[in-house]
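Laboratory data are not the source of any read-out in this text; all were calculated from the coordinates shown. Note that the structure is predicted; figures quoted are calculated from it, not measured. A quick note on method: Cβ atoms are made from the backbone with ideal geometry, for glycine too, and the neighbour counts reach across all protein chains shown.
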Amino acid sequence: MKKIEGHHHISMITKDIQENNYFYKNILGLRRVKKTVNQDEPSMYHLFYGDRTGSPGTELTFFDMPYAGQTYRGTNAFTRIGLVVSSIESLLYWKNRLNEFEVAYEEGDYANRQAIYFEDRDGLPLAIQVEAGAEPALFTPWDKSPVPSVHQIKGMGTIEVRVRRLQKLIRTLSEIFHYRVFPQGESRSLFQSQAGEIFGEILSIEEDGPNEKPGRGSIHHLAIRAKDEAELRYWDEKIRKRGFQTTGVLERYYFKSVYFRESNGLMFELATDGPGFMRDSDEASLGEQLDLPPYLEAKRESIEASLPSIEE
């Protein structure tokens, strides 16, 4: 029986690409592993941050939308991103670091783990959470990060989602993708793609009310891992057989993807582990220049003219 290995990446909206670049590189210490464009709207930056090579499970990605309005929080939306560190000492390091950069935070528990809650410059809800000894198989530390390797963020952990119909989401994740479901009371469930594994965990909260109206600091979609194109096509067929519409397999050059919306309207992407970001870059120069897939190269001049420069 095939199972989802974990999160692949998660994609958000930023209103200010300069502030976004500074926050994730200089404060959170992630590497910008790819500077490219939204392949469906090439006049828009698409930035990827992660570990040394942008391994699946570490990637936070942002679409640059300077005219994005305020997000009106509501239900039927992904609502918080957990970022994993592997010790209480690392959590203390991050408290001190956020204080140093005057980033406000609150202490608490997140998915039954010690955590600190804070937001990025767009108001995107984040949490640094402790999973003792956590070390995903694909994670590689970045030696040029301003954060010491022992305290670096290991990847995405628990992703929070709020939905109006929790049972619909439970059936989708458990019956199609074989997520394990752990009820957390009447209105909450914790999902794990791999038993006991934080790097594929989703915390779902049932909540009535208006749908979230997305804007700056909102989460566009969550991508989960498929090993390769053959496995991606396997999942695509299973999703269609359940009555959901999909995009079919799309070529994203750095990976292949399938998108669909589940019954609450949440957008999920399934993305292949490879070929990865070094397909058109060497490791030393990842994320430094504007990389375009071959089918956009002919438009490079007009694309570059439409994009603002990003201060490094």
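Points to keep in mind about this one:
- Qualifying chymotrypsin sites (Phe, Trp or Tyr not before Pro) in the range 1-84, where qualification requires a DSSP coil assignment and no more than 14 other C-beta atoms within 10 Å, comprise Tyr67.
- Compactness of the range 66-202 was expressed as the Cα radius of gyration divided by 2.2 N^0.38 Å, which yields 1.13.
- Ratio of Rg to Rh for the range 118-276: 0.96 [Cα atoms; Kirkwood radius as inverse mean 1/r over pairs].
- Take each peptide in 13-19, 293-299, count the other Cβ atoms within 10 Å of every residue, and average; sorted highest first, the result is 13-19, 293-299.
- Over the range 228-312, volume per residue of the alpha carbon convex hull, in Å³: 137
- Lysines with Cα under 20 Å of Lys35, excluding same-chain neighbours fewer than 8 positions away: Lys15, Lys25, Lys144, Lys256, Lys299
- Here the label points at Lys3 and Asn38, each 7 Å from Cα along the C-beta direction, are separated by 3.6 nm in the simple model.
- Between Asn112 and Glu207, the simple label model (points 7 Å from Cα in the Cβ direction) yields a spacing of 2.2 nm.
- Scattering profile of the chain at q = 0.12, 0.13 Å⁻¹ [log10 I(q)/I(0), Debye over alpha-carbon scatterers]: -0.78, -0.93
- Inter-part distance where the range 257-289 and the range 1-73 are each reduced to a Cα centre, Å: 10
- Computed as a quarter of the hull surface, the mean projected area of the alpha carbon convex hull for the range 118-173 stands at 6.3 nm².
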